[in-house]
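Enquirer: Got a structure for you, questions after.
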Amino acid sequence: MTGPSPIEITTVGEVPDLARRILDGEVFVLRRGLQQLGLFEPLVESTLEGIAAAAGPEVADKVRRGGFDRIHEWVNPPDLPKLTDAVYDVLTPLALGHLRTLVPRVFPGSGTFYFEKAPNVRFHIPFDHAARYRKEFDKFAEKRGQGKIAAHGPHRDQWVDCPANAINIWIAIGPVQHGNSLTVFPEDYGKPFAFKDGYILNGERLHKPWSFALDPGDAVLFLSSHLHGSEVNRTDRTRYVVSYRVT
């Protein structure tokens, strides 16, 4: 199962039984995986295309020059749902092509795979910018699901109709730091918890989670039935991540 810390991978394909080990509960961090696969720049450019469509080319140019972690400086919080939708519109048709490159190389020998049709586009702006817009962000979550533009409480994806053997490929497109990161609860793997509507109930006792500091292009690889969630963004930076689920 899981060890005392995530397992670092520096070279795509260096772990020949990676898929099996993830299905057994191990958690991996793949460093600069997207750059090694030639997918980082296409995802950046496609994202900027979506931002330009929603917020205009001037904002897209500012993001290109200043970084995805500063999006909140140029995009007002009420406009974040529209911007996220626009990026979905660009990235969704590309998902299969990207995964046809990614899956055989990251999971050698894995053979046929199935995937969630739309990737998960996740812009988490600093909480002090987002707090007043909870109602608007909750409405967006009714369409796209929780965790896209606001923090996601501890959950297992199988609680919201995902297969228990799905692998999450959680990719930093902008920098991710402790304080706005993914959380995974390795010591609670496989333990039964009371939940409702996809979320763990208040009062359940959890162990301390892992969080992850990632550079753009890094990815966390973990089983979707791990208990996981997201930190409330207590930093002064936007966190931009794209994630895929595959079996």
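The values are calculated or read from the model by the stated rules, or taken from the named source; none is laboratory data. The shown structure was predicted, so the numbers you read here are calculated from the model rather than taken from an experiment. Here the Cβ is made from the backbone with ideal geometry for all residues, glycine too, and neighbour counts use every protein chain on show. Just so you know, the surface numbers come from the protein's heavy atoms only, side chains and all, with ligands and any DNA or RNA stripped out. Shrake-Rupley method; radii C 1.70, N 1.55, O 1.52, S 1.80 Å.
Enquirer: With +1 on the Cβ of every Lys and Arg and -1 on the Cβ of every Asp and Glu, and nothing else charged, how large is the dipole of the chain about its Cα centre, in debye rounded to the nearest 20?
Expert: 240 debye
Enquirer: Under the rule a/c < 1.5 gives rounded, and otherwise a/b versus b/c splits prolate from oblate, where does the range 112-211 land using the Cα gyration tensor?
Expert: In terms of gyration-tensor shape, rounded.
Enquirer: Moving on. Show me, for the range 73-78, the HN-Hα J-couplings you get by feeding each phi into the Karplus relation (A = 6.51, B = -1.76, C = 1.60, θ = phi - 60°), rounded to Hz, glycine and proline as x.
Expert: So the J values, rounded to whole Hz, are 6, 10, 10, 5, x, x.
Enquirer: I would also like to ask the following. Given a cut-off of 26 Å, name the pairs among LYS62/LYS135; LYS117/LYS208; LYS117/LYS148; LYS143/LYS196; LYS139/LYS191 whose C-alpha atoms lie farther apart than that in the structure shown. Can you show the working numbers first?
Expert: Details: LYS62/LYS135 28 Å; LYS117/LYS208 32 Å; LYS117/LYS148 16 Å; LYS143/LYS196 19 Å; LYS139/LYS191 31 Å.
Result: LYS62/LYS135; LYS117/LYS208; LYS139/LYS191 exceed 26 Å.
Enquirer: Right, something else. Fully extended, how many nm does the chain gain between ASP161 and GLU45 (0.36 nm per residue separation, minus their Cα-Cα distance)?
Expert: Result: 38.6 nm gained on full extension.
Enquirer: What 222 nm value per residue comes from the helices of the chain, counting each DSSP H run with n ≥ 4 as -39,500 (n - 2.57) and dividing by all residues, nearest 500 deg cm²/dmol? Could the numbers behind the result be given before it?
Expert: Values: 8 runs with 76 residues, N = 247.
Taken over the chain, the calculation gives -9000 deg cm²/dmol.
Enquirer: Write down the Kirkwood hydrodynamic radius of the range 1-124, to one decimal in angstroms, obtained as one divided by the mean of 1/r over all alpha carbon pairs.
Expert: The Cα-based Kirkwood calculation yields 16.3 Å.
Enquirer: Any idea how far apart ASP128 and ALA194 come out in nm if each label point goes 7 Å out from Cα toward Cβ?
Expert: 3.7 nm
Enquirer: Right, next: Under 37 °C and 0.692 mPa s, how fast does the range 115-173 diffuse according to Stokes-Einstein, given a Kirkwood radius computed over C-alpha pairs? Answer in µm²/s, whole number.
Expert: The Stokes-Einstein estimate is 254 µm²/s.
Enquirer: Specify which labelled value, from [x] 18.8; [y] 21.3; [z] 18.2, agrees with Kirkwood radius over Cα pairs in Å derived from the coordinates of the model shown.
Expert: [z]
Enquirer: Cβ under 15 Å from LEU201's Cβ, LEU201 left aside: what net charge do those residues give with Lys, Arg +1 and Asp, Glu -1? It would help to have the intermediate numbers written out before the result.
Expert: Values: positive: ARG156, LYS191, LYS196, ARG205; negative: ASP188, ASP197, GLU204.
The answer is +1.
Enquirer: Can you send over the solvent-accessible area of HIS129, 1.4 Å probe, protein chains only, in Å² to the nearest 10?
Expert: For HIS129, solvent-accessible area is about 70 Å².
Enquirer: Take the alpha carbon gyration tensor of the range 70-167, find the square roots of its eigenvalues, order them as a ≥ b ≥ c, and report rounded if a/c is under 1.5; if not, report prolate when a/b exceeds b/c, else oblate. Display every interim value, and only then the final one.
Expert: Working: a/c = 2.53, a/b = 1.74, b/c = 1.45.
Judged from the Cα gyration tensor, the range 70-167 comes out prolate (a/c at least 1.5, a/b above b/c).
Enquirer: Let me cross-check ASP197: its accessible surface, 1.4 Å probe, with only protein heavy atoms counted, in Å² to the nearest 10?
Expert: 130 Å²
Enquirer: Longest exposed-loop-site-free stretch of the chain, with trypsin sites (Lys or Arg not before Pro), DSSP loop and at most 12 other Cβ within 10 Å? Walk me through the numbers before you get to the answer.
Expert: Values: sites that count: LYS117, ARG205, ARG234.
With trypsin sites (Lys or Arg not before Pro) excluded where exposed in loops, the chain gives 1-116 as its longest stretch.
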